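Novice: My questions all concern the structure below.
Quick note: the coordinates plus some simple rules give every number you see, no bench work behind them. Quantities reported herein were computed from a predicted structural model and do not represent experimental measurements. Methodologically, a virtual Cβ is constructed for each residue, glycine included, from the backbone with ideal geometry; neighbour enumeration extends over all protein chains shown.
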Amino acid sequence: EVYDFLADFSAEELQKFDQLAVFDHESTETNLQTITRLVHQKYRHKKKPRGALALNAEKIAQDREVDCYGYTIALSQVLAQKDIDHKIAYGNGHSFVVADVNSDLFILDALVPEISGLLQPQNICHRHCYEDNVFSLDMISHINQVSFGQQAVNPQDILLAQRWTHFRKNQDRFGSGGRESYIVQTKNSSIIVRSYQPESGITALYAYDQYKASVYNDRLPEAYYLSKVLENYYPNLDIRNKPQVTEKLITRLGKLGLDTLASLTIDRTAHARELEQTIAQQIWRSDQYRKIYVQNKGKEWAKEKATNILSSLLLNATLTTGQKIAIKGKLIYLAKL
């Protein structure tokens, strides 16, 4: 059940949004920031415990408590009603909105409105990435820029409180070579973001929320079904974030002897995350089959599958020397099991 956040706003508040949804060169950023702050003020932030639904319509109506998913959907519904072009974005465990107004992009975060503002071109890989719905964001630079001139906002405090905004060490910026973080460490802190048209973004957030809750509450049939739904919507693409919920599902399916379902879940998730276009998802895929074999040494098929995936990767002519060494090391380890 999709919660109707618009129903929470009075006629006067909706009229205020109408007044703000008029953009010229001078007022665009300020008006978008004001809309975002008004949505922020309507709800209270509450991080849900593991296994609880973040998007529980009954609880939202009763308590007006939401996390970033709820804030994002509420803001998206307001912007959609005012015909403001935007996408729902997800990066490093956090959701927010990116608006496209007068050929400029704006990050809008109703949970953390202080970081809302114009997205400078140097802080996104390039415009084409945004249009392709997978892009990198330099949130450290963005937060420093939007904080400039706001006396009450300390960018360092925001970065400390909002750990999702950056990594201390990670891979190269998306699109600049696809090297793996565990092979070549760099100091680029950009996050990898997947974006969606509003309706698809709402579907993705609801499905991902329900997926996590079903896994942690051992509702395996529901979790497996949702893993199929998420093949087209999976939000967490960054290779630095392991799909821990999915790994938990795979482990439980394997322990129950549901090998076909475990295998399909592995392959489906790797395919869903391959939008980032690196070898990381195939490495992860091989690792999951290896874990199934380690659970039960009788499952030689899983060891063979893990080995074949890595052997196929070695045929890739674009691999770096470091990548080849890492893959060969994994093959040697597999052979010794």
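Novice: May I ask for log10 I(q)/I(0) of the stretch 75-145 at q = 0.13, 0.18, 0.19, 0.22 Å⁻¹, from a Debye sum over the Cα atoms as equal point scatterers with solvent left out?
Specialist: Taking Cα atoms of the stretch 75-145 as identical point scatterers yields -0.33, -0.67, -0.75, -1.03.
Novice: Can you tally the net charge around Ser263? Count Lys and Arg as +1, Asp and Glu as -1, for every other residue whose Cβ sits under 11 Å from the Cβ of Ser263. Numbers along the way, then the final one.
Specialist: On the way: positive: Arg268, Arg285, Lys299, Lys305; negative: Asp259, Asp267.
Residues close to Ser263 contribute a combined charge of +2.
Novice: Please express the shape of the stretch 1-145 as an equivalent ellipsoid: the semi-axes are the square roots of 5 times the eigenvalues of the C-alpha gyration tensor, given largest first in whole angstrom.
Specialist: Details: eigenvalues 121, 76, 31 Å².
Working through the eigenvalues yields semi-axes of 25, 20, 12 Å.
Novice: In a Debye calculation with equal point scatterers on the alpha-carbon sites of the stretch 248-313 and no solvent, what is log10 I(q)/I(0) at q = 0.18, 0.22, 0.25 Å⁻¹?
Specialist: -0.60, -0.87, -1.07
Novice: Same structure again: Sum -39500 (n - 2.57) across every DSSP H segment of at least 4 residues in the chain, then divide by the residue count to get the 222 nm mean residue ellipticity, nearest 500. Intermediate values should be presented prior to the final figure.
Specialist: On the way: 14 runs with 170 residues, N = 337.
For the chain, the value works out to -15500 deg cm²/dmol.
Novice: Let me ask something else. Set Lys and Arg Cβ to +1 and Asp and Glu Cβ to -1, take the dipole of the chain about its Cα centre, and tell me which of Gln244, Gln41, Gln122 lies farthest positive.
Specialist: Gln244
Novice: Where Lys and Arg each count +1 and Asp and Glu each count -1, what net charge lies around Ile143 among other residues with Cβ under 12 Å from its Cβ?
Specialist: Values: positive: none; negative: Asp109, Glu114, Asp138, Asp157.
Residues close to Ile143 contribute a combined charge of -4.
Novice: Something else now. Looking at the P(r) of the stretch 193-313, how many percent of alpha-carbon pairs lie beyond 21 Å? Intermediate values should be presented prior to the final figure.
Specialist: On the way: 2692 of 7260 pairs.
For the stretch 193-313, the fraction of Cα-Cα distances above 21 Å is 37 percent.
Novice: Note down the net charge around Glu114, summing +1 for each Lys or Arg and -1 for each Asp or Glu among other residues with Cβ under 14 Å from its Cβ.
Specialist: Working: positive: Arg37; negative: Glu29, Asp109, Asp157.
Around Glu114, the surrounding residues sum to -2.
Novice: Could you put Asp18, Asp238 in order, starting from the residue whose Cβ has the fewest other Cβ atoms within 10 Å? Spell out each step's value before the answer.
Specialist: Details: Asp18 11, Asp238 25.
Listed from fewest to most nearby Cβ atoms, that is Asp18, Asp238.
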